[in-house]
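Visitor: Submitted below is the structure of interest, expressed as structure tokens.
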Amino acid sequence: MNKNDLVDCFKEITPSPTQKQKMLKIILDSRKGGTVPLKRTTKRLSLTAAVVAICILTTTTALAISLGWNEKLIEYLKPSEEQMETLSGAVNIPEATVTQNGVTITVKQTLADSFGVYVLYEMTVPEDIELNDDIQWKHGFLKVPKKTDEATVGGVYGADTLEQTGNKRTVLYHLQATAPLENGEIELNFGDLGYYKVTGDPKGPTPPDIEFVPLVEGEWDLKWEFSYVDTSKTVEANKPLSINGSEDTISKVVISPMSVCAFVKGDDILMSGVRPTVNFKDGSQIAYDVNSKNKSFGYYLIDEANLIYQNQLYYRFENIINVDDVESITVGDVTIPIE
């Protein structure tokens, strides 16, 4: 990196589209070890490396502000500038916060499609507590508004710690719902922060005792108005589907830049080895099954009067995708074009 590169890096608070693309590449390359090494043999090069580090931090912040995305969400989902612009209506910055007993929780960002939502939050705890992976909430939930005319309104929760240093932690909470999301009030709730203590021999004749040891007791409740512009594409199929001799019907598929979900009416096929596959126009594929990390498979009653059940085969993409790049989705012996 020369002087002109550095000047260009700091030149504008609001970058041009070309600069945004450069900045995003810097961010993502830095996660792959693509930045200038910090170890140098001369003071001149050490100074350059330090300036590069500052430049990366500055451009990350500028890009996030310009496109409305938190830099931690960019690093996790690795969207392109075009993808961030496509999802701009699906991003909210609520800045909801609560403090109690020395613990502060602040919601930094939400990102949603019709069947899932990400909630990015930061937390700080008293300085005499050093956070580690064993320290967790005793209980917690994320409640989002869903269409009440659906047969079921359950959901599957999960969370990933994106950063953890000292008494601070950044977490990406995610929910996959069985009913489409609606705009309205969203609630994030946690209770008691501590760790689980196991006493006894796990391999012994009797089960070990498991005790929750609280470090900070209390309840932290955050509520805010949630809204999003749905970027999902729904393709009605209503085609017969045969998996291991079952006679089912694939009713529809829903795909967005964040996730894909196939709906199959009939027998329970969750453990049948079914492997939905997203086929891209360039020949690449993304397949998932019951053992996949980001999947959520469910089977539930949708018509009590006629005893009709439905399989919901959901998968959350590792990174943001372009729906226009998808050619079709295959489930069992049926391939559904995405147009």
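The values are calculated or read from the model by the stated rules, or taken from the named source; none is laboratory data. All values derive from a computational prediction rather than experimental measurement. Here the Cβ is made from the backbone with ideal geometry for all residues, glycine too, and neighbour counts use every protein chain on show. When the accessible area is computed, the model is the full protein with side chains, heavy atoms only, and any ligands, DNA or RNA have been set aside. Shrake-Rupley method; radii C 1.70, N 1.55, O 1.52, S 1.80 Å.
Visitor: Looking at region 163-177, can you tell me whether even one residue there is in contact (Cβ under 8 Å) with a residue 24 or more places away in the chain and among the small types (G, A, S)?
Guide: yes
Visitor: Tell me the residue from T86, T165 that is out of contact with any strand residue (DSSP E or B) (no Cβ under 7 Å at 6 or more places or on another chain) and under 20 Å from S259 (Cα atoms), please.
Guide: Going through T86, T165 in turn, the sole match is T86.
Visitor: Which residue, of Y309, Y300, is in contact with a strand residue (DSSP E or B) (Cβ under 6 Å, 6 or more places away or on another chain) and either among the hydroxyl-bearing types (S, T, Y) or assigned to a strand (DSSP E or B) (or both)?
Guide: Y309
Visitor: Right, another one. Look through region 256-312, keep the residues that are within 20 Å of G158 (Cα to Cα) and β-branched (V, I, T), and return whichever of them is most open to solvent (accessible area, probe 1.4 Å).
Guide: V290
Visitor: Could we say that T206 is surrounded by fewer than 17 Cβ atoms within 10 Å (Cβ to Cβ) and out of contact with any helix residue (DSSP H, G or I) (no Cβ under 8 Å at 6 or more places or on another chain) here?
Guide: Criteria met by T206.
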